[in-house]
Amino acid sequence: MEKCKWCGGIFHCYKSPGLKPDWVRKRCKSCCYISYKTPPTPDQLDEIYLQAWQKDRGVGGFATGSTNTLISHSLIQSTGLNCKGLRCLDYGAGSGALSRVLISLGADVLCYEPYGPAPSDLASFWIQNQRELNAVEPFDLVFFVEVIEHAIEPVAVCRDINQLLKHGGKLIVTTPNSLGLTARLSGQSWRETENATHIGLFSNQALVQCLRQSGFVNLTRLKRPVRYSNSRIKSFFLSILQICGIDGGLRVIAEKK
Ligand SMILES: [Zn+2]
């Protein structure tokens, strides 16, 4: 029987996304990592992403999440890092919201986004091609925001990112939390699993294993509250879940060995 690559646990079946009912999901009974029995091919995924980009006229839609200016500021603040003068990579830049905030804070920013065109104001910071990325100067910080859940081979992608960092450089990764309160209460109807492009949905345990296997050390889970809403009441309740580590998102900072 196939074992979980993060914890060695066994799987049970989990509901397929509505858009792709033949893409069968599985969930580790032990670490709660949710993935596909057979991962989709890059071509199958490209088809869904292209549809999403066209539908949303380049804004990204579900392909890139919805990280806006408020969230970006709050996320950067939660890391406790001063980004001024640091060389930063926004890996999977989406619509560029995080990059704009980093630029406003005085960081030296490069955006990497293989899907969709560069926004006109970020064109000179933007690269679409993986080969170009491998040829640039190493980074102090890589932001990997709501991207790892889309990777077919997450360890391979994290190893590639590891190679892009300077020694002691840091990776900030965010992804949905498969052991968050909403995921626990939703059973097999957790909305993040409805998104067919979410190939791997991590718990903290699974994410830590993935990052360790990719050559990262000094892993710290960020529990400092990040604002995802303009509503004070919503933000207050969310901040309690975040401090307890049972909110809908995982945020981890890791260092290159
Ligand atoms: Zn597992």
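Just so it is clear, none of the values below were taken in a lab; they were calculated from the coordinates. No experiment lies behind these values; they were computed from the predicted model shown. Note that we place each Cβ from the backbone using ideal geometry, even for glycine, and neighbour counts take in every protein chain shown.
The ratio of the alpha-carbon radius of gyration of the stretch 75-117 to the globular-protein estimate 2.2 N^0.38 Å is 1.13.
For the residue pairs K15/K223; K26/K234; K20/K234; K166/K223; K5/K84; K84/K256, the alpha carbons lie more than 28 Å apart in K15/K223; K26/K234; K20/K234; K5/K84. Relative to the dominant Cα principal axis of the chain, helix 154-164 is inclined by about 10°.
Dipole orientation for the chain: of the candidates L219, F139, S99, L219 has the Cα lying most toward the positive pole (charges on Cβ; Lys, Arg +1; Asp, Glu -1).
Measuring from centroid to centroid over Cα atoms, what is the spacing of the stretch 8-41 and the stretch 200-239 in Å? So the two Cα centres are separated by 22 Å. Between the helical axis of 69-79 and the longest alpha-carbon principal axis of the chain there is an angle of about 90 degrees. Using a cutoff of 8 angstrom between alpha carbon atoms and counting only pairs six or more residues apart, the relative contact order for the stretch 11-256 works out to 21 percent.
About its Cα centre, the dipole of the stretch 145-257 is roughly 560 debye, where the only charges are +1 on Lys and Arg Cβ and -1 on Asp and Glu Cβ. Counting only Cβ charges, +1 for Lys and Arg and -1 for Asp and Glu, the dipole size of the chain around its Cα centre is about 1060 debye. Ellipsoid semi-axes for the chain, based on the Cα gyration tensor and the rule √(5λ), read 27, 21, 20 Å when sorted largest first.
Helix 232-244 against the longest principal axis of the chain: what's the angle in degrees, Cα atoms only, rounded to the nearest 10? Compared with the principal axis, the helix lies near 70 degrees.
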